[in-house]
1. Name the pairs whose Cβ atoms lie under 7 Å apart, with the first residue in the stretch 36-62 and free of Cβ contacts under 8 Å to residues at least 24 places away in the same chain, the second of a type in the set (D, E, K, R), and 6 or more positions between them or separate chains?
2. Looking only at the stretch 174-185, decide whether some residue is closer than 19 Å to E33 by Cβ and touching a residue at least 24 places away in the same chain (Cβ under 8 Å).
3. Pairs needed: first member in the stretch 89-108, farther than 29 Å from R68 by Cβ; second member anywhere, modelled with pLDDT of 80 or more and among the aromatic types (F, W, Y); C-beta distance under 8 Å; at least 6 residues apart or different chains.
4. Which residues, taken from the stretch 168-191, are surrounded by fewer than 17 Cβ atoms within 10 Å (Cβ to Cβ) and hydroxyl-bearing (S, T, Y)?
5. Looking at L100, L124, which one is closer than 18 Å to A187 by Cβ, modelled with pLDDT of 85 or more and crowded, with 18+ Cβ neighbours inside 10 Å?
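The values are calculated or read from the model by the stated rules, or taken from the named source; none is laboratory data. Please read all numbers here as calculations on a predicted model, not as lab measurements. We place every Cβ from the backbone using ideal geometry, glycine too, and count neighbours over all the protein chains shown.
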Amino acid sequence: MASKDVTRPQAHQSLRRRGIRLEWATNGWNLLEVFISIALGIQARSLALVAFGLDSVVEVFSSTIVIRNLSDQRRDPGDRRIHRSLRRLSVAFWLLGGFLLLASVRGLILAVRPMNSPLGIAWLAVTAVVMFSLAWMKWTTGHSMGSETLVAESAMSFLDGCLSTGVLLALIFNLTLGWWWADSCAALVVAGFAVAEEVRHWLDSAPHSDCPPHI
């Protein structure tokens with residue numbers, strides 16, 4: 001029985017370290033997204049590509065919150081630290097959704113016509129695979145260790161994968177069918193998902209005393 005009591009904290013610490021490594025990996029990839037996506041977007045005059053790069057700035061902020069949270073080993077009896085982090089993540093979702101909504105509507109009104117970007121298509125295909133993989137690993141790790149913030153942030157990585165897929169399809173439609181409006185519509189659809197996630201995580205951030213403290 002004593003060996004089990006020793007093993008549990010060790011397993012928890014191992015999961016904590018894995019979660020931190022996953023967040024640093026996410027931050028590293030998101031920094032690449034910022035520079036590469038914006039550069040390719042400016043070159044191709046693609047609103048969706050530029051928006052995709054800018055949204056990565058919000059995701060870096062989100063991952064940094066989780067890294068700080070996982071690195072802080074203090075226990076807050078009132079669980080206030082966890083709920084503050086969840087609310088910060090909720091604000092990050094709101095900023096992402098609001099930006100994408102404004103940018104996509106502006107693109108449709110002004111009839112912004114992007115150029116073809118084969119490099120952008122290849123980059124987004126790789127990014128989608130990476131972000132969906134990171135989202136799955138963070139979700140499973142967060143559930144295993146009971147970390148609300150890691151599970152919540154995995155949704156941001158999943159949303160990033162959805163966004164990259166949407167922009168990828170828009171670039172393909174523009175290349176093959178000449179659908180210039182698909183560029184703005186891709187950002188508009190993902191904005192709706194971002195707003196929905198913002199509402200969900202804000203509600204999850206409300207104190208719930210019936211649950212044990214989480215990380």
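1. G53/E33
2. Scanning the stretch 174-185 turns up at least one residue that is closer than 19 Å to E33 by Cβ and touching a residue at least 24 places away in the same chain (Cβ under 8 Å).
3. L108/W181
4. Answer for the stretch 168-191, where residues must be surrounded by fewer than 17 Cβ atoms within 10 Å (Cβ to Cβ) and hydroxyl-bearing (S, T, Y): just T176.
5. Every option except L124 fails the conditions.
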